[in-house]
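Reading through the structure tokens given below for one structure.
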């Protein structure tokens, strides 16, 4: 029923994307790079930032929500009508990968996020010694996810590497689920 209602949105061609992840993963830097803004002036997001971009004929409303531990309990306030979840992982943060997995697992159990596309942005791959795609896939137990269609894309928020490719996947997956054309 939910997918039928979403598909009824024939004319708006608009998607709501929720970008989450632990603090310092690079969420805001990714958004700034996508928006062609200066990435040298990024500070921790203490609440949320909404940015809108026209991408492949769709209006993407990207909700960048802070990832500090004290803020995470408020994430649920942003779940409504989410078409895609972008989960940003810091590829250099091996110490918190278990926290990262636990937070993602909790999100995927949320009914209001059911059916949303899941893009895992593996950020900071340009840093020597970072975790590989396979290592993160294993540690986050991504192969066990049956509730969401997902993919993992290696990226760099600083260079912009693969950011458009990741958004392209989100748009294609959401378009296939949500729109009748």
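For this structure, a couple of remarks:
- Prolate/oblate/rounded label for the stretch 97-181 (Cα gyration tensor, a/c 1.5): oblate
- C-alpha long axis of helix 163-178 to longest principal axis of the chain, angle in °: 30 degrees
- Working note: Cα atoms of the chain, range along each principal axis, descending, whole Å: 46, 36, 30.
- With the helix formula -39500 (n - 2.57) applied to DSSP H stretches of n ≥ 4, the chain reaches a computed 222 nm mean residue ellipticity of -8000 deg cm²/dmol.
- Degrees separating the helix 97-108 axis from the principal Cα axis of the chain, which is the longest one: 10 degrees
- Near-label residues of the stretch 73-87 by backbone N, under 18 Å of a point 7 Å along Cα→Cβ of residue 37: 86
All of the numbers you see were taken from the coordinates with simple rules; none came from a lab. Here the structure is a predicted model, which means the values were calculated and not measured. Cβ atoms come from the backbone with ideal geometry, glycine included; neighbour counts cover every protein chain shown.
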